[in-house]
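The values are calculated or read from the model by the stated rules, or taken from the named source; none is laboratory data. In this text, all values refer to a predicted model and were calculated from it rather than measured experimentally. Please note: Cβ atoms are built from the backbone with ideal geometry, for glycine as well, and neighbour counts cover all protein chains shown. Surface accessibility is based on the protein's heavy atoms, side chains included, excluding ligands, DNA and RNA. Shrake-Rupley method; radii C 1.70, N 1.55, O 1.52, S 1.80 Å.
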Amino acid sequence: MTATLSSTTATAYFTHLKCKECGAEYEPQAIHVCEYCFGPLEVKYDLSQLAAAVTRSTIEAGPKSIWRYRPFLPVTSANPIDVGTGMTPLVKAQRLARRLGLKHLYIKNDAVNMPTLSFKDRVVSVALTRARELGFTTVSCASTGNLANSTAAIAAHAGLDCCVFIPADLEAGKVLGTLIYGPTVMAVEGNYDQVNRLCSEVANTHGWGFVNINLRPYYSEGSKTLGYEVIEQLGWQLPDHIVAPLASGSLFTKIYKGFREFVEVGLVADKPVRCSGAQAMGCSPIAQAYAEGRDFVAPVKPNTIAKSIAIGNPADGVYALEIARKTNGAIAAATDEEIVAGIKLLAETEGIFTETAGGTTIAVLKKLVESGKIDPEEVTVVYITGNGLKTQEAVQNEIGQPLTIEPKLASFERALERSRTLERLDWQPVLV
Ligand SMILES: [Zn+2]
């Protein structure tokens, strides 16, 4: 599939889909499961052609979005759907680093990704571009919230019909942040794993493009850009250690794949990168398997405030486990209380307001430092994947209240005096 240049198609370097389990190969169509062994399918590329065609300069001359890495993504369009997704800040987190006892800590801040403030905009931009190429006019997804936001928004931009499926108990901000784009929203009375099973049936009967089901091999490749960007933003170097949240496990495995691809095509010098993962204690099937030394992931029933990562039966869990082990990383879990503390710690030290998934990642980062799993000298990158404004319920009773005053200087002075005598956690609404 190379050298097909016209006004609408560009040179593409992906060649086929391959089963991760048995190695069976498939044409790059809308399929995601191997028909021989039911293993997941993954996109394969001609890396030697890529190495010959792509340099640091060609990437740097590209758009300020994930599409600067278009040759590494499974699309043929010369004009992919580009809503400014990607190239989010890599922030040197000096205050958080000091608090934790680290020396070189960075936050990859996808809480400000465009257009819907989570890393899902990366995977959806790729999936919907590929959906359009494959002739789909209706796109859909099974979502824990962020994916619904992203699919609805980017489908609206691209003029695709959209129907999304969410668990009925989702946070209000995520429901509103989907409805605003005008898709059909199905709120399913069940947990994410039940929503996902229903969507597989709909995909089979209605022929829609489900970004995380029949388009999953393309969709998941979008997460590789979180690896590429960190390499580029560190001045074309790999970090020593990364910490990322684990839901299905896909994000984690694709960041790793992104690192390996840039090494293989010669864009970055090779060195070991330790990959560590974070789960919420109330839904931690991968962390449990890691702790017990198992090589299989036993499904659990989720019960945590970290709904966006509450996947009880993670599709890529075993692959995430394998990567954490072979890179000498670790996987740990945080309680809901620790997750809230993690959200507050990141906000108060770095000015970044993340959702519960990010709170989980910060809480686990802290645990890994305290247990000696992260060396203070390591260049450590923490992935913050979503925005706190979407999950305000998680912290609304944990952050105090404004001091209500009269519009008079004397009232302000009294309130200021009082605020200085109160411990922050004891803040109450006071009229002075
Ligand atoms: Zn197979």
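As a fraction of the 1.4 Å probe accessible area of the chain, surface on carbon and sulfur atoms comes out at 52 percent. Could you please state, rounded to a whole Å, how far the C-alpha centre of segment 180-225 is from the C-alpha centre of segment 13-53? Using only Cα atoms, the two centres lie 21 Å from each other.
Beta-bridge orientation, the chain: approximately 35 percent antiparallel, per DSSP, counting only bridges with both partners inside.
Which loop-located GluC sites (Glu not before Pro) does segment 264-339 contain, where loop means any DSSP state but H, G, I, E or B and the Cβ has at most 16 other Cβ atoms within 10 Å?
Numbers: sites: GLU264, GLU292, GLU322, GLU337, GLU338; in loops: GLU292.
Answer in residue order: GLU292.
Of GLN49, GLN237, GLN392, which is the most mobile in a GNM of the chain whose springs link Cα atoms less than 10 angstrom apart? Taking springs between Cα atoms under 10 Å, the residue moving most is GLN49.
Amide hydrogen proximity for THR15: with H placed 1.01 Å from N in the peptide plane, the residues at 5 or more positions away or on another chain lying under 5 Å are LYS44, TYR45, ASP46. Rolling a 1.4 Å probe over the protein heavy atoms gives the chain an accessible area of 42 Å² per residue.
Ignoring everything except DSSP H segments at least 4 long, calculate the 222 nm mean residue ellipticity for the chain; use -39,500 (n - 2.57) per segment, divide by total residues, nearest 500. Calculated at 222 nm, the ellipticity per residue is -11000 deg cm²/dmol. Here MET281 sits with roughly 90 square angstrom of accessible surface, probe radius 1.4 Å. Comparing SER284, SER371, SER223 in a Gaussian network model of the chain (Cα springs below 10 Å), the most mobile by mean-square fluctuation is SER371. For the cross-link pairs LYS18/LYS367; LYS103/LYS326; LYS224/LYS366; LYS18/LYS254; LYS174/LYS257; LYS307/LYS367, which exceed 27 Å when the distance is taken from alpha carbon to alpha carbon? Over 27 Å apart, Cα to Cα: LYS18/LYS367; LYS174/LYS257.
Spin-label pair GLN392-ASN204: with each label point 7 Å from Cα along the Cα-Cβ axis, the two points sit 4.2 nm from one another.
Looking at the chain, identify the longest residue range that excludes and avoids all trypsin sites (Lys or Arg not before Pro) in DSSP loops having at most 14 other Cβ atoms within 10 Å.
With trypsin sites (Lys or Arg not before Pro) excluded where exposed in loops, the chain gives 104-293 as its longest stretch.
In this view, the solvent-accessible surface of TYR383, computed with a 1.4 Å probe and all protein chains in place, comes to about 0 Å². Residues TRP236, TRP208, ordered by accessible area of protein heavy atoms at a 1.4 angstrom probe radius and largest first, appear as TRP208, TRP236. Each Cα pair under 8 Å and six or more residues apart adds its separation to the average, and for the chain the resulting relative contact order is 15 percent. Modelled label positions at ALA61 and ILE180, each set 7 Å beyond Cα in the direction of Cβ, lie 3.8 nm from each other. Here the scattering of the chain is modelled by Debye summation over its C-alpha atoms, one equal scatterer each and no solvent; at q = 0.06, 0.09 Å⁻¹ the log10 of I(q)/I(0) is -0.25, -0.55.
When HIS32, HIS157 are compared by accessible area of protein heavy atoms, the largest-first order is HIS157, HIS32, using a 1.4 Å probe.
With R₀ fixed at 45 Å, the C-beta to C-beta distance from THR8 to LYS408 puts the FRET efficiency at about 0.10.
A 1.4 Å probe over all protein chains sorts PHE210, PHE296, PHE119 by accessible area into PHE296, PHE119, PHE210, starting with the largest.
In degrees, nearest 10, range 0 to 90: what is the angle between the Cα axis of helix 120-133 and the longest Cα principal axis of the chain? It is inclined by approximately 30 degrees.
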